[in-house]
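Report on the structure given below.
The values are calculated or read from the model by the stated rules, or taken from the named source; none is laboratory data. Just so it is clear, the structure is predicted and the values come from calculations on it, not from any experiment. Neighbour counts run over all protein chains shown; Cβ positions are idealised from the backbone, glycine included. In case anyone asks, the SASA skips ligands and DNA or RNA and just uses the protein heavy atoms, side chains included. Shrake-Rupley method; radii C 1.70, N 1.55, O 1.52, S 1.80 Å.
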Amino acid sequence: MSLSAGMVPGQYMVTDPVVSIGDRCMIGRGSHIVGHFRLEIGDDVHTGPYVYITDQNHGYDDPDQVVHAQWPSDVPVRIGSGSWIGTGAVVLPGTELGRNVVVGAGAVVSGVFPDHSVIAGVPARVVRRYVPGSGWLRKGGVEEGPTPGPPNP
């Protein structure tokens, strides 16, 4: 697992702290958390292995200049408490995950997602969500019945 804040030792940072990780978090092996502006991970967040979370992206506005020479953009990232991020997911700048959000393995996440949602895909979309009074709903608002368990012997 690697954790970085800024690009070089002694760099002046606009925010303090740049990266904050809550209590009782578990970050999977081979994961990278790369903060340049503001990256906040709530309490009780767990990730699978090889997850990449960053608040910075390369600039590419000028088509006549090489990408790595252009000024990057920084947009804060917030991962809500109790969330689970599956193996190999990529969380991009500007992402805001609510509380208890499940991110499917391999998802590419960008945008704002509500509490108690399950997101998956490239790009990530809500595939299920919990609505108080209605229960778990699939995409399109269809109610789900109880998940059948194994047959009783």
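Given segment 1-75, what strands (runs of 3 or more DSSP E) lie entirely inside it while holding 3 or more residues that are within 22 Å of Val108 (Cβ to Cβ) and either touching a Gly at 6+ places or on another chain (Cβ under 9 Å) or of a type outside the set (D, E, K, R) (or both)?
On the way: elements: 2-5, 19-21, 32-35, 39-41, 52-54.
Passing ranges, in order: 2-5, 32-35, 39-41, 52-54.
Can you tell me which of (1) in contact with a strand residue (DSSP E or B) (Cβ under 9 Å, 6 or more places away or on another chain); (2) in contact (Cβ under 8 Å) with a residue 40 or more places away in the chain is the one His58 doesn't meet?
Against the list (1) in contact with a strand residue (DSSP E or B) (Cβ under 9 Å, 6 or more places away or on another chain); (2) in contact (Cβ under 8 Å) with a residue 40 or more places away in the chain, His58 comes up short only on (2).
Restricting to segment 38-63, what's the tally of residues that are open to solvent by less than 60 Å² (accessible area, probe 1.4 Å) and of a type outside the set (Val, Ile, Thr)?
Taking segment 38-63 first, the residues open to solvent by less than 60 Å² (accessible area, probe 1.4 Å) are 39, 41-43, 45, 47-49, 51, 53-56, 59.
Then drop every residue that is not of a type outside the set (Val, Ile, Thr), which leaves 39, 42-43, 48-49, 55-56, 59.
So the count comes out to 8.
Among the residues of segment 79-103, how many are farther than 15 Å from His116 by Cα, touching a residue at least 40 places away in the same chain (Cβ under 8 Å) and assigned to a strand (DSSP E or B)?
Residues in segment 79-103 being farther than 15 Å from His116 by Cα, touching a residue at least 40 places away in the same chain (Cβ under 8 Å) and assigned to a strand (DSSP E or B): 1 in total.
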